[in-house]
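Trainee: Would you mind keeping the following structure in view while I ask a few things?
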Amino acid sequence: RAYALAAYKSRDINELRHSLEGLKTIIDVELGLHIDYCREWGISEADLAELPEARATLAYTRYVLDTGNRGDLLDLHVALAPCLVGYGVIADWLNSRPATLRGDANPYEAWIAMYESEEFQDARRAEEAWLDRPPVRGHTAPLRRTRPGVPRRHSPGDRLLADGARSQPVTEPARERRQSRPK
């Protein structure tokens, strides 16, 4: 939804194309991994659609959408950067560490492989280039300027996201939720 908002806020064909590529990366690359991963835990796509979102997920997605709605296109892309750019950087970091376990023995192998994939890394590099480009007349001034109403540092959503991530069990979280769901 945030990349659809980015397309809506685009001022020219290049920004529109960039937003479309970001949306396609999420739908065609990342979303499929999430669905496949849940399927391995016994959660179908239909079940996934019925599960309530975690507070941390709601906090982050609302923060991104609120930032995009209140701010301009740059504000929205900066709010999205932890996902598209951040996960690509994390994949690079994991791959640079000799201690990173790879292959079937790592339950997160599919995630690492997806985020290190050429397709995802191309999208990451395109986003970094878009964020690093010089300001265009009529577009947002450089990042050092803070827009009114757009948080400078961490939002309450960032805190909820971090707290939620720390509180989630690493092993078999979906199975536990599935067992506790009413029949």
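Trainee: Output the qualifying pairs, or none if there are none: Cβ atoms under 6 angstrom, residues six or more apart or on different chains, first residue in region 67-78 and more than 11 Å from residue 131 (Cβ to Cβ), second residue of a type in the set (Ser, Thr, Tyr).
Mentor: 72/140; 75/67
Trainee: Residue under question is residue 165, and the condition is that it be within 23 Å of residue 60 (Cα to Cα), modelled with pLDDT under 50 and outside any loop (DSSP other than H, G, I, E, B); does it hold? I'd like the intermediate steps shown before the answer.
Mentor: Values: within 23 Å of residue 60 (Cα to Cα): yes; modelled with pLDDT under 50: yes; outside any loop (DSSP other than H, G, I, E, B): yes.
Judged against the criteria, residue 165 is a match.
Trainee: Run down 33, 51, 20 and say which single residue is aliphatic (A, V, I, L, M) and under 15 Å from residue 130 (Cβ atoms).
Mentor: 20 is the lone residue from the list that is aliphatic (A, V, I, L, M) and under 15 Å from residue 130 (Cβ atoms).
Trainee: For region 84-102: of the residues being among the aliphatic types (A, V, I, L, M) and not in a loop (DSSP other than H, G, I, E, B), which is farthest from the chain's Cα centre (by Cα)?
Mentor: Checked region 84-102; the qualifying residue farthest from the chain's Cα centre (by Cα) is 94.
Trainee: Considering 105, 6, 113, 81, which residue is assigned to a helix (DSSP H, G or I) and more than 23 Å from residue 133 (Cα to Cα)? If you could, list the steps in order and put the result at the bottom.
Mentor: Details: 105 fails: assigned to a helix (DSSP H, G or I); 6 fails: more than 23 Å from residue 133 (Cα to Cα); 81 fails: more than 23 Å from residue 133 (Cα to Cα).
After ruling out the rest, the residue left standing is 113.
Trainee: Looking at (1) surrounded by 15 or more Cβ atoms within 10 Å (Cβ to Cβ); (2) at pLDDT 50 or above, find the lone condition where residue 150 falls short.
Mentor: Status for residue 150: all satisfied but (2).
Quick grid of which residues meet (1) touching a residue at least 40 places away in the same chain (Cβ under 8 Å); (2) buried (at least 16 other Cβ atoms within 10 Å of the Cβ); (3) more than 19 Å from residue 122 (Cα to Cα):
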{"position": "6", "(1), (2), (3)": "yes, yes, no"}
{"position": "13", "(1), (2), (3)": "no, no, yes"}
{"position": "31", "(1), (2), (3)": "no, no, no"}
{"position": "36", "(1), (2), (3)": "yes, no, yes"}
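The values are calculated or read from the model by the stated rules, or taken from the named source; none is laboratory data. Nothing here was measured: the structure is a model prediction, and the numbers come from that model. Positions of Cβ are generated from backbone atoms using ideal geometry, with glycine treated the same way; all protein chains shown enter the neighbour counts.
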